[in-house]
1. Search segment 219-239 for residues being in contact with an Asp or Glu (Cβ under 9 Å, 6 or more places away or on another chain) and aliphatic (A, V, I, L, M), and hand back the single one that is farthest from Asn97 (Cα to Cα).
2. With the requirement that a residue be without any contact (Cβ under 8 Å) to a residue 24 or more places away in the chain and either over 12 Å from Asn219 (Cα atoms) or hydrophobic (A, V, I, L, M, F, W, C) (or both), what does segment 40-50 give you?
3. Name the single residue, out of those in segment 186-203 being assigned to a loop (DSSP other than H, G, I, E, B) and among the hydroxyl-bearing types (Ser, Thr, Tyr), that is surrounded by the most Cβ atoms within 10 Å (Cβ to Cβ).
4. List every residue pair whose Cβ atoms sit under 6 Å apart, with the two residues 6 or more apart in sequence or on different chains, where the first one lies in segment 144-171 and is within 13 Å of Gly127 (Cβ to Cβ) and the second, anywhere, is in a helix (DSSP H, G or I) and aromatic (Phe, Trp, Tyr).
5. What number of residues within segment 105-125 satisfy the criterion of being surrounded by fewer than 20 Cβ atoms within 10 Å (Cβ to Cβ) and either free of Cβ contacts under 8 Å to residues at least 12 places away in the same chain or in a loop (DSSP other than H, G, I, E, B) (or both)?
6. Within segment 211-253, restricting attention to residues that are at pLDDT 95 or above, hydrophobic (A, V, I, L, M, F, W, C) and assigned to a loop (DSSP other than H, G, I, E, B), which residue is nearest to Arg46 (Cα to Cα)?
7. Does segment 78-98 hold any residues that are within 14 Å of the chain's Cα centre (by Cα) and either surrounded by fewer than 20 Cβ atoms within 10 Å (Cβ to Cβ) or among the small types (Gly, Ala, Ser) (or both), and which are they?
8. Anything in segment 55-69 that is buried (at least 19 other Cβ atoms within 10 Å of the Cβ) and more than 16 Å from the chain's Cα centre (by Cα)? List them, or say none.
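The values are calculated or read from the model by the stated rules, or taken from the named source; none is laboratory data. Note that this is a predicted model, so its numbers are computed, not measured. All Cβ positions, even for glycine, are placed from backbone atoms using ideal geometry, and neighbour counts span all protein chains on display.
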Amino acid sequence: MNSFYSIVLAAAVAAAPPLSEYSRYESLDNTKVAYGMGVETDSNNRPLGAIRAQKQYGDMGGLFIGGSEEKRLWLTFDEGYENGCTADILDTLKEKNVRAVFFVTYDYCKRNPELVRRMIAEGHTVGNHTWSHPSLPDCSPDELYSELSLLHDYVKKEFGYEMYVMRPPMGEFSERVLACAKDLGYTTVLWSFAYPDWDVNNQPDKDAAFKKITGKTHNGAVYLLHAVSETNSAILGDVLDFWKDSGYSVSPM
């Protein structure tokens, strides 16, 4: 964790209510779940790992995959830092009249306020990806609370926007994390599709990426893409056209 953010978070934790305020989390299972949906699918192309996780954690406020009945999906982007692609992604979404979800950290908001304002102005959902991007099960109860609430309050103050979905960094969560997020009014959003798109120095081939993304389409899909990916930016319009032509709607969250 960057020393500046460590100092800010430590100050926030020190100024937070006594640990007794968070003692209700101490008794909850904090076993770390390093989520991945796996490669096995059912007859409808829906990942079995996501289906199992939805059954296990859905009542605790987790969203891994939507219902199997509707040809509907969600498109989400993680925004750990800016790589010059987000504006083009927003342009494509605007052209195609599609709303997506962008999960941001404090550092991203601080460095790219104009992009965050544009996300909000154009009707996208801005989600909480924590203040400093730690593994949340590794946090103490008060650190966990602060990681979520600090960014929530910052975005509300700076952008007039109240977040209501969050994504745990690295997809690592626990029942304690889900409970804390739910107390703060959050749905914890994971995914039912992800692929290796985050390495800016080793980007996927565009044709192969298009086939992989579209080939995994399924009812209730929660797509995780990284906005640092030049490949994702380049093929996004074609992917959205494929989904539309296949009868799928991309839903706001």
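1. Val228
2. Glu40, Leu48, Gly49
3. My answer is Ser192.
4. Leu151/Tyr106
5. 6
6. So, considering only residues that are at pLDDT 95 or above, hydrophobic (A, V, I, L, M, F, W, C) and assigned to a loop (DSSP other than H, G, I, E, B), the one nearest to Arg46 (Cα to Cα) is Ala227.
7. Gly80, Tyr81
8. Once the filter is applied, which keeps residues that are buried (at least 19 other Cβ atoms within 10 Å of the Cβ) and more than 16 Å from the chain's Cα centre (by Cα), segment 55-69 yields only Tyr57.
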